[in-house]
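In what follows, a single structure is set out as structure tokens and then discussed.
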Amino acid sequence: MYVELRAPLSASLRRWKLPAEEMEDIVQDTFLRLLSHGPADLKAENARYWLFRVAHNLAIDRRRSGWWNSLDLEADFELLLSTHPSPHFNPEKIYLNQELQKAVQSNLAKLTPRQQHAIYLRIVGFSYKAIADQLKGTSNSVGELIRRGLKRLGEMGANTQ
């Protein structure tokens, strides 16, 4: 499980802009917690969720303890779209998932930088007000920016099908 999930856990921690050593410490600490404190009845299919949740919480704990660095707002959408298909997927579903990811990434690259930035911030959980603060605008303008970006993505998606 460690070999399979170490890289995805590290990737999920990149948005916190942690040094590589700290990310590795969190990943190792997460697996140690699974072994020592993990629920005894944790099923294999739920272990992945549990590990990601614990790693996320450990990153938050570092932030609360005084360590703070903003999210990597210049990161592309690769991290958000880097899903790892379930082993229950058949090869066709895996291929279709990869093609869908490529199409979404391609379409996102066609949006304006402000739209990309606003949508990215919204995906990672920022409120409209927080996005407005980042983009030096109003909550209403951010809502409109995101709405137009998503509309444009929808139109591009309809054109590729």
*Hey, could you check region 125-134 for residues that are part of a loop (DSSP other than H, G, I, E, B) and surrounded by fewer than 14 Cβ atoms within 10 Å (Cβ to Cβ) and say which is nearest to the chain's Cα centre (by Cα)?*
GLY125
*Here are some conditions: (1) in a loop (DSSP other than H, G, I, E, B); (2) farther than 29 Å from ALA11 by Cα. GLU144 meets all but one. Which one does it not meet?*
(1)
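Only the coordinates and a few stated rules stand behind these numbers; no lab work does. Computed from a predicted model, the values in this text were never measured in an experiment. Virtual Cβ from ideal backbone geometry, glycine too; neighbours counted across all protein chains shown.
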